[in-house]
Amino acid sequence: MEKLIITAAITGAEVTKEQCPAVPYTVEEMVREAKNAYLAGASIIHIHVRKDDGTPTQSKERFEEVIRAIKAECPEPILQVSTGGAAWMTDEERIQPIYMDPTPEMATLDCGTCNFGDDIFVNKISTITRFADEMRRIGIKPELEVFDRGMVATAVKLMEKGHINSPAHFDFVLGVEGAMPATVRDLQLMVDSIPSGCTWTVAGIGRYQLQMAPVAIVMGGHVRVGLEDNIYYAKGRLARSNAELVDRVVRLANELQREVAAPDEARRILGIK
Ligand code: KMH
Ligand code: ZN
């Protein structure tokens, strides 16, 4: 089995400091959370950015400010920018970070439309294709975010048509209200649905973050944790940091005797130059 890639999704667009004080907004807070998550064992940092008041934004300039600050303190991890943004954002807003300087190594590519709590997260085929083509042209490795089985089918079609390079990397986001549940059976279906040679990670939402992690570790997949997807360390006990959530995955991996990948090992596994 390859070493385990741990992704830390440190802030997202939905959770707030009112819900969990550790959620980072400012540049300094983003650097702190990214660096400590890396030191705990994350090799990929999945990045959304906020204004200082917590409002989510896809501003290229804000991404540049945050990513330059993270790289200055902590150059090692793969920084993966979100092109999902928040459910209410336009395509034009969402695509901005792939054009930032420095060019990000990875970006998310959301592969379909679904309910997202009481919102609708809209990704038309034409949007997915355009985002994929732009990432391919610029040389950014997409992380194919799939929230249900139909989105895997869309991604595979885009791979067959040459819009997405093979082997691709999938992120199964399971447990979103209105999309695919986070059960072992559902995860197995997703794993069985991707082309051979592709890699995958699982992002369980809420309480499912912890439940999905050991399953992925023993199945040979990879794991995403972080405050974007889950703000609790345990029932009734908020997480104190992203690092605390990463640290637990490292302990689980150690117990299950799966080694954790350093960033350069993650780059090799994912085929990032
Ligand atoms: N905030 C969600 C609506 C991504 O990062 O690409 C979308 C999301 C996915 O977080
Ligand atoms: Zn995200």
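Net charge within 14 Å of Lys3 by Cβ-Cβ distance, Lys/Arg positive one each and Asp/Glu negative one each, not counting Lys3 itself?
With Lys, Arg at +1 and Asp, Glu at -1, the net is -1.
Just to confirm the filter: which GluC sites (Glu not before Pro) across region 1-61 are DSSP coil and have at most 10 other Cβ within 10 angstrom of their Cβ?
Those that pass, being in a loop and sparsely packed, are Glu18.
At 7 Å along the Cα-to-beta-carbon direction for both Glu2 and Gln188, put a label point, then send me their distance in nm to one decimal.
Output for this residue pair reads 2.3 nm.
At 222 nm, what value in deg cm²/dmol follows for the chain if DSSP H runs of at least 4 each add -39500 (n - 2.57) and the sum is divided by all its residues, to the nearest 500?
-11500 deg cm²/dmol
What is the distance, in nm, between label points placed 7 Å from the Cα along the Cα-to-Cβ direction at Lys157 and at Asn115?
2.3
Long-range amide H contacts for Trp200: which residues qualify at under 5 Å (H placed 1.01 Å from N, peptide plane, sequence gap of 5 or more or a different chain)?
For Trp200, whose amide H was placed from the backbone, the distant partners under 5 Å are Phe170, His222.
Please work out the average accessible area per residue across the chain, using the 1.4 Å probe convention, and give it in Å².
42
With a 1.4 Å probe and all protein chains left in place, how much of the accessible area of region 6-270 comes from carbon and sulfur atoms, in whole percent?
Ligands and nucleic acids excluded, carbon and sulfur give 51 percent.
Counting other Cβ atoms within 10 Å of each Cβ, which trypsin sites (Lys or Arg not before Pro) in region 230-270 have at most 10 and sit in a DSSP loop?
Lys235
Ordered by packing density, taken as the mean number of other Cβ atoms within 10 Å over each peptide's residues, highest first, how do 47-59, 198-210 rank?
Going from most to least packed, we get 198-210, 47-59.
Run the numbers for Glu265 and Glu61: contour at 0.36 nm per residue of separation, minus the present Cα-Cα distance, in nm.
70.5 nm
So which helices of the chain fit the span-like rule, where a helix is a whole DSSP H run, its Cα atoms reach 18 Å or more along the axis, and its mean Kyte-Doolittle is at least 0.0?
none
The values are calculated or read from the model by the stated rules, or taken from the named source; none is laboratory data. For clarity, every value in this text was computed on a predicted model and none was experimentally measured. Here the Cβ is made from the backbone with ideal geometry for all residues, glycine too, and neighbour counts use every protein chain on show. For the accessible areas, the whole protein counts, side chains as well, though only heavy atoms, and no ligand, DNA or RNA atoms are used. Shrake-Rupley method; radii C 1.70, N 1.55, O 1.52, S 1.80 Å.
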